[in-house]
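Heads up, the thing below is written out as C-alpha cells.
The values are calculated or read from the model by the stated rules, or taken from the named source; none is laboratory data. None of these values were measured; they are calculated from a predicted model. We place every Cβ from the backbone using ideal geometry, glycine too, and count neighbours over all the protein chains shown.
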Amino acid sequence: MNIEVTTFQQNTHELTASIRVIRDANGDPWFIAKDVCETLGLGNPTKALLALDDDEKKTEKLSGFRGSSVNLISESGMYALIVRSNKAEAKRFRKWVTSDVLPSIRKHGAYVKGAEQLSPEAQTEFYRIVQNQLTHALQRHDRLTQHDHWRTPVQQQARSKIAAAKVAEQLGLPLHLVETCADSGVANTLQALAAK
C-alpha cells in the first residue's frame with residue numbers, strides 16, 4: 001500500500017483538512033481513521049468505526065507506523081461518517097460536497113477543483129471542451145487498438161461466445177438465450193421464444 005498525504009481545502013466553506021490516504025492494490029483510497037475523525041471533530045475513532053459497515057473499515061499493520069495496527073476507513077465509510085456527523089467540521093464538508101461537488105457531477109459528469117469559481121456559462125463550456133477531448137482520445141484509442149486477428153470469423157465467434165457466457169453468468173440467464181440474442185438480435189430472440 002502506498003501512503004500519500006492529501007489535503008482537502010475548500011475556501012468557500014472554510015474547510016481545511018489534512019488526511020493521510022493509503023492506496024490498496026486496486027488503487028482504492030483508505031483513509032487513516034484518526035485523521036478523518038479529527039477533521040470531523042469526532043473525539044473517539046474507535047466509537048466512530050463501530051457505526052460503519054464491515055466493508056467500510058479495516059485494520060492494517062503499515063510500515064511507517066512503527067509496526068502498530070492502523071484503523072482505516074474506505075471512501076464510502078468516510079462519506080457515511082460525514083453524513084451522520086452533526087459537528088460543524090462535518091457540516092462544512094457536507095455542504096461543500098452537496099452544494100459544489102455533487103451538483104457538478106450531475107450537471108457535467110465530473111467535478112474539477114476550482115471550476116466553481118467560473119461563471120455557469122464558463123463551466124458549461126469548460127466541461128463541453130473536456131468531454132470533446134476525452135471523446136476524441138477514446139476514438140483515437142479505439143482506432144489504435146484494433147487488431148487484425150479479431151477480424152477473422154473464427155476468432156470473432158470465439159470472442160462472442162466468451163462474452164455471451166460472461167453476460168449469461170452476470171445476469172443469471174441461460175447461455176443459449178444470450179447466444180441467440182447476440183446472433184439474431186433481441187426482436188428475433190423474443191419471436192423465437194414466443195413460438196415455443
Could you check the stretch 90-112 and list, in sequence order, the residues that are within 15 Å of the chain's Cα centre (by Cα), assigned to a helix (DSSP H, G or I) and over 23 Å from E38 (Cα atoms)?
L102, I105, R106
Checked the stretch 36-58 for anything in contact with a Ser or Thr (Cβ under 8 Å, 6 or more places away or on another chain), modelled with pLDDT under 90 and surrounded by fewer than 19 Cβ atoms within 10 Å (Cβ to Cβ); matches are G41
So which residues in the stretch 60-112 are charged (D, E, K, R) and touching a residue at least 24 places away in the same chain (Cβ under 8 Å)?
E60, E75, R84, K87, E89, R92, K95, D100
Considering the stretch 37-73, residues that are in a strand (DSSP E or B) and hydrophobic (A, V, I, L, M, F, W, C), and then whichever is farthest from S85 (Cα to Cα), we arrive at V70
Do you know which residues across the stretch 113-132 are at pLDDT below 70 and either surrounded by 13 or more Cβ atoms within 10 Å (Cβ to Cβ) or within 21 Å of the chain's Cα centre (by Cα) (or both)?
V130, Q131
Select from the stretch 15-36 the residues that are over 19 Å from the mean Cα position of the chain (by Cα) and either outside any strand (DSSP E or B) or farther than 24 Å from N86 by Cα (or both) and list them in ascending order.
A33, K34, D35, V36
